[in-house]
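All of the numbers you see were taken from the coordinates with simple rules; none came from a lab. These numbers come from a predicted model, not from an experiment. FYI the Cβ positions are ideal-geometry reconstructions off the backbone, even for glycines, and counts take in every protein chain you see.
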Amino acid sequence: MAGNVRAILHLFVESGKLESVCEKLAKLPQTLDVYEVTGEYDIVAIVAVSSVKELREFISKILPSVEGIKSSVTSVILHVHKKNGVETWE
């Protein structure tokens, strides 16, 4: 799914649910990338949607339906300076 609005989701996951949450997120059409990470969060995911309204719906309705996600922090991507090792002016 191509979208004009992209966001980074930082997810906290219940103990023992990491694999199943990653699998469920990977199947969502809005999800571009899913990363299992170290540090403060358990998962970082990149999503693409067509509008801020659709992002709000994704965060408030779709994300809570994924069993095992305790909470999330969302950062909207405002501008891309470099992607896949290449400088860009997106």
Given a cut-off of under 8 Å on Cα pairs at least six residues apart, what relative contact order in percent is computed for the stretch 1-53?
-> 52 percent
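Report the charge-dipole magnitude of the chain in Debye, nearest 20, computed about the Cα centre from +1 at each Lys and Arg Cβ and -1 at each Asp and Glu Cβ.
Value, rounded to 20: 280 debye.
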Structure shown: which of LYS24/LYS70; LYS27/LYS82; LYS27/LYS61; LYS17/LYS70 lie over 18 Å apart, alpha-carbon to alpha-carbon?
-> LYS27/LYS82
With contacts defined as alpha carbon pairs under 8 Å and 6 or more residues apart, what's the relative contact order of the chain in percent?
-> 40 percent
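Percent antiparallel among DSSP beta bridges with both residues in the stretch 5-87, to the nearest 5? It would help to have the intermediate numbers written out before the result.
Details: 21 of 21 bridges.
Antiparallel bridges: around 100 percent, rounded to the nearest 5.
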Per the 1/(1 + (r/R0)^6) rule, R0 = 22 Å and r from the Cβ atoms of THR88 and SER51, FRET efficiency to 0.05 is 0.50
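With the Cα gyration tensor of the chain in hand, convert its eigenvalues to equivalent ellipsoid semi-axes via √(5λ) and list them largest first in whole Å.
22, 16, 11
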